[in-house]
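The values are calculated or read from the model by the stated rules, or taken from the named source; none is laboratory data. Please read all numbers here as calculations on a predicted model, not as lab measurements. Here the Cβ positions follow ideal geometry from the backbone for every residue, glycine too, while neighbour counts run over all protein chains shown. The area values use the complete protein model at the heavy-atom level, side chains included, leaving out ligands, DNA and RNA. Shrake-Rupley method; radii C 1.70, N 1.55, O 1.52, S 1.80 Å.
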Amino acid sequence: MHLSKNLIDLVDITKSWDGTCVLDELNLSIKENEFLTLLGPSGCGKSTTLRILGGFVTPDKGRVIFDGEDITSLPPNKRNLNTVFQKYALFPHMTVEENIAFGLKISGKSDAYIKDKIQYALKLVNLDGYEKRKPTLLSGGQQQRIAIARAIVNEPKVLLLDEPLGALDLKLRQDMQYELIRLKNELGITFIYVTHDQEEALTMSDTVVVMNQGYIQQMGTPEQIYNEPENAFVADFIGDSNIIDATMIQDELVEILGVKFPCVDSGFGNNKPVDVVIRPEDLILGTPGTGRMDGTVTHVIFKGVHYEMEVMANGFEWLVQSTKAFPVGTEVSLDVDPYNIQIMNKPASEDEKAVAIDE
C-alpha cells in the first residue's frame, strides 16, 4: 500500500481539564490514506486527541496542521473531516435517507445529487433498500453503518471514528472490522480510529499509536507494537505477556531467574538490570530436563484455539499458550527461542515506571 505525504500534523498539542494535564506536548503525523489507531486505557488522552482533530475541543497550546494549513481555530463544519461516535447520534424521527442527506442539505446540494449520494453510500455499507426505514427499527450494527454512510456522503478527506464498535456484540464487531477495512480501501480516505480494544487495533490498522497518561508510549505497525514493545506498559497492554526482571550479562546473553538464555539483543551493556518480555505463545513446553528450566503446571484453561496454562518455574508463574494440554501437576521443561526474548531498558525513575505500567 502506498502511503504518501503527511496529511495531518499535530504539533506540541497540550490540553488540561480542571488542572489535570490530559495531553502533554503531543506530536503526531498522519499520512494520507492511512488507517491510524489511537489505542490506550480510559483517560489516556486518545478521545481528546480525536476531538481536537475534529474541532470540538481547542488545545491550550499547539497547532493542528491539515494539508499544509493551520486549522487549529477552524470550527468543525469548516474542516474536511467527519466524525462517527460510539453513540451514533442518528435522528430518530427521520428516515435512513433523511439522516444520510442531512449534511448535504445543509450545504445546499441539489436533490438529484443527494439522491445519487444516498444510493452510493447505502450500497457501500450494504444497506441498499433501507432508505425509508426509521433508525430505531434497525439493529446496532445497521445503525452504525448508517452513521458511517452519513459521514462518507460528505466526501471527507478524513474519517474520525471514536470507539464506533464499542456498543456491538463480539461477532458483529468482528464483521464491522472487516467492513471498515473494505470501506477504507474502496474510499481511499484517511481513517483515524480510537479504541481501547487491542485486538481491534491490531486487526485494522496500518499504524497503531499506544497512549498512556497523555503521552505516546509507542507508535508503529501492529507487528512492531506486538513483537517489539518498547516498554512494560506497551508489552502489558498489547496482548498477554510474561514480564520479568532480568540481567543483561553481555550482548546476546541474558540471565532470567538465575538461568542464562541466549538472545539477539545487544547494546545494553554488561551486567545491566533489564526487563524481559516473553509472549505466552513463544514458550516451548517439553519433558523435564529438555529445556533451560523445569517447572510444574498449576493451572489450565481451554480457550478454543489453544490451552492457556500457568507453569511455576524458578519462583515465577509463567503464562504459557499451547495447542497441546498438559494437565495440572505435570512436570514440564520451559524454553524459548532467542528471537522471542524481547529486552527492554528499565525505567530511569519510579515516575517513569508509573507511566509505563499504570493503567
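Let's see how each residue does on (1) free of Cβ contacts under 8 Å to residues at least 60 places away in the same chain; (2) out of contact with any Lys or Arg (no Cβ under 8 Å at 6 or more places or on another chain); (3) over 30 Å from Gly40 (Cα atoms):
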| site | (1), (2), (3) |
| --- | --- |
| Leu104 | yes, no, yes |
| Ala112 | yes, yes, yes |
| Lys115 | yes, yes, yes |
| Val125 | yes, no, no |
| Tyr130 | yes, yes, yes |
| Arg150 | no, yes, no |
| Glu155 | yes, yes, no |
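Going through (1) open to solvent by less than 60 Å² (accessible area, probe 1.4 Å); (2) over 18 Å from Leu160 (Cα atoms) one by one, Gly40 falls short only on (2).
Of the strands (runs of 3 or more DSSP E) contained entirely in region 16-72, those carrying at least 1 residues that are at positive phi and under 23 Å from the mean Cα position of the chain (by Cα) fall at 20-31. What residue, among those in region 312-331 that are within 18 Å of Gly258 (Cβ to Cβ) and aliphatic (A, V, I, L, M), is most open to solvent (accessible area, probe 1.4 Å)? The extreme case among them is Met312.
Number of residues in region 1-22 that are buried (at least 18 other Cβ atoms within 10 Å of the Cβ) and under 25 Å from Met204 (Cα atoms): the value is 3.
For residues in region 332-351 being acidic (Asp, Glu) and either out of contact with any strand residue (DSSP E or B) (no Cβ under 8 Å at 6 or more places or on another chain) or in a strand (DSSP E or B) (or both), which is least open to solvent (accessible area, probe 1.4 Å)?
Asp335
Scanning region 196-215 for residues that are over 28 Å from Ile152 (Cβ atoms) and assigned to a strand (DSSP E or B) yields Asn212, Tyr215.
Conditions (1) modelled with pLDDT of 85 or more; (2) open to solvent by 80 Å² or more (accessible area, probe 1.4 Å), marked per residue:
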site: Thr83; (1), (2): no, no
site: Ala89; (1), (2): no, no
site: Ala112; (1), (2): yes, no
site: Lys115; (1), (2): yes, yes
site: Leu122; (1), (2): yes, no
site: Val125; (1), (2): no, no
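Any residue in region 267-283 that is in contact with a Pro (Cβ under 9 Å, 6 or more places away or on another chain), within 29 Å of Phe326 (Cα to Cα) and assigned to a helix (DSSP H, G or I)? No, there is no match, as no residue in region 267-283 is in contact with a Pro (Cβ under 9 Å, 6 or more places away or on another chain), within 29 Å of Phe326 (Cα to Cα) and assigned to a helix (DSSP H, G or I).
Scanning region 136-195 for residues being part of a helix (DSSP H, G or I), of a type in the set (Gly, Ala, Ser), open to solvent by 10 Å² or more (accessible area, probe 1.4 Å) and at pLDDT 85 or above gives a total of 0.
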